[in-house]
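Read the structure below first, then the notes.
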Amino acid sequence: MTPGRRCLAIGGQPQASAKVSPTRSDRVDMRSRPPRIRPMGIQAVKEQRLAAELPRRLLAWYATAQRDLPWRRSRTPYRVWLSEVMLQQTRVDTVVPYYRRFLRRFPTLKALAQAPLDEVLKLWAGLGYYARARNLHAAARQVVTKYGGRIPRSLEPLLALPGVGDYTAGAILSIAYNLRAAVLDGNVARVLCRLLGIAENPKASATQTRLRAIAEALIPEGHARDLNQAMMELGAVVCTPRTPTCEACPVSGLCVARRAGKQRQLPRTPRRKPVPHYDVGIGLVWRRSKLLITRRPLDAMLGGLWEFPGGKREGDEPLEQTVQREIREELGLDVAVAARFLSCNHAYSHFRVTLHAFHCTSPRGRPRPVKSTAYRWVTVAELPGYPFPAGSLKIIRELEKHPGPPED
Ligand code: SF4
């Protein structure tokens, strides 16, 4: 990311003229229905003074309209990094308490680097996408060993850190260091597609390249921090996915989609595939007053978290059989399945599950994990000391109301 203003003619994109004489059929269209969207080429962006007008209006709006969020009060590189990682795929309201708790326990990058992974995952439990926490922890350790605890202020070393991609690197460089670097999250991509009338899929790699170049070119000298945050803020609170409030938008006068009345139709995203659903049988395996829990392998989904043993139902097998089969396969343990404890639904990013938890007993035998990296026998009171994913936390909350085996 080199400093200095960049020309808007970027990416070799076709540059449609903003002043095209209407053809006969265009004239008919304009009288009878809303005008067709004409994607604005980079040359047109220049001609229409978007590059000059948009930053000015956005910065003025952001100065008064920005939300008071905890990560905006102190923009140290560590805090910016942490907040941006937590905010990926996660709502602001959900992130705020996690962010505060995390910073109380790990106020500095060094404190995070020194902590055991289990403790980091424990503070992340319920926030989802746990690879973020594992990567953040690993990256913090690298920053301490390689850079003496100072987060790099250039792109290449940032991108070499675990879990840091273009978006996170751009956020650190621009928000923490105020260096010219684009941030292109879903909000910014949507805003740019609408402003410029870009009808392509914003997730396609060619469109991403194009949008990133535009986003970077729009940054006025010395205003990377505020301009990027203003773009993200506009997408989060005004130019929202389904109901953009164009009447409250500070840049509505520059917006191609609004002029064409197509703001709700852009950007065009491919239809989502149906989300699969699985039934999962779970064993609450009691031995006296203790329950069996196992730790997932680090390289698996939810890696490093603890869980109750169990797994996916095969075909239409009875769920009690699923529990017995899974525990035998995964832990070499025979269990007797008793009453159903609860069933609850949980959604992950690409599939949904219904968790069916059953009380089980296993008076003897030592678990021999096949994939799990550890197991423990723990009381219900000890469960909060372990990091569990959100689905398991639903079961734990119910267990805390009945903290013992069923006969108790
Ligand atoms: S005018 Fe409407 S569609 Fe255009 S940027 Fe503003 S909120 Fe989004």
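The values are calculated or read from the model by the stated rules, or taken from the named source; none is laboratory data. What you see is a predicted model, and the numbers here were worked out from it, not measured in a lab. Note that we place each Cβ from the backbone using ideal geometry, even for glycine, and neighbour counts take in every protein chain shown.
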Which fully enclosed strands (runs of 3 or more DSSP E) of segment 315-389 have 1 or more residues being closer than 23 Å to Asp299 by Cα and hydroxyl-bearing (Ser, Thr, Tyr)?
374-378
Report, ordered by the first and then the second residue, all pairs with beta carbons closer than 6 Å, sequence separation of six or more or different chains, a first member in segment 222-248 that is assigned by TED's automatic domain parsing to the domain that holds Arg91, and a second member that is polar (S, T, N, Q) and within 8 Å of the ligand (Cβ to nearest atom).
Val238/Thr245; Pro244/Gln263; Cys246/Ser252; Cys246/Gln263
Hey, can you tell me all the residues within segment 345-370 that are under 13 Å from Pro309 (Cα atoms) and surrounded by 12 or more Cβ atoms within 10 Å (Cβ to Cβ)?
Leu355, His356, Ala357, Phe358, His359, Cys360, Thr361, Ser362, Pro367, Pro369
Filter segment 356-408 for residues that are of a type in the set (S, T, N, Q) and under 28 Å from the mean Cα position of the chain (by Cα); which is nearest to Trp286 (Cα to Cα)?
Ser392
State whether the residues of segment 116-129 include one that is among the aliphatic types (A, V, I, L, M), at pLDDT 95 or above and either over 22 Å from Glu307 (Cβ atoms) or outside the structural domain of Tyr78 (by TED's automatic domain parsing) (or both).
no
With the requirement that a residue be exposed (fewer than 15 other Cβ atoms within 10 Å of the Cβ) and either at pLDDT below 95 or under 25 Å from Gly304 (Cα atoms) (or both), what does segment 150-160 give you?
Leu159, Ala160
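A quick yes/no check of all residues on (1) away from the ligand (no atom under 16 Å from the Cβ); (2) surrounded by 21 or more Cβ atoms within 10 Å (Cβ to Cβ):
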| residue | (1), (2) |
| --- | --- |
| Ala260 | no, no |
| Arg268 | no, no |
| Pro274 | yes, no |
| Gly310 | yes, yes |
So which of Arg79, Arg104 ends up being under 18 Å from the mean Cα position of the chain (by Cα), of a type in the set (Lys, Arg), within 30 Å of Gly149 (Cα to Cα) and modelled with pLDDT of 95 or more?
Arg79
So for segment 251-272 (the condition being modelled with pLDDT of 95 or more, closer than 27 Å to His350 by Cβ and in contact with a Cys (Cβ under 7 Å, 6 or more places away or on another chain)), does at least one residue qualify?
no
Mind checking which residues of segment 215-231 are of a type in the set (D, E, K, R) and over 12 Å from Tyr62 (Cα atoms)?
Glu216, Glu221
Residue that is nearest to Arg271 (Cα to Cα), among those in segment 172-199 that are within 16 Å of the ligand (Cβ to nearest atom) and part of a loop (DSSP other than H, G, I, E, B):
Ala199
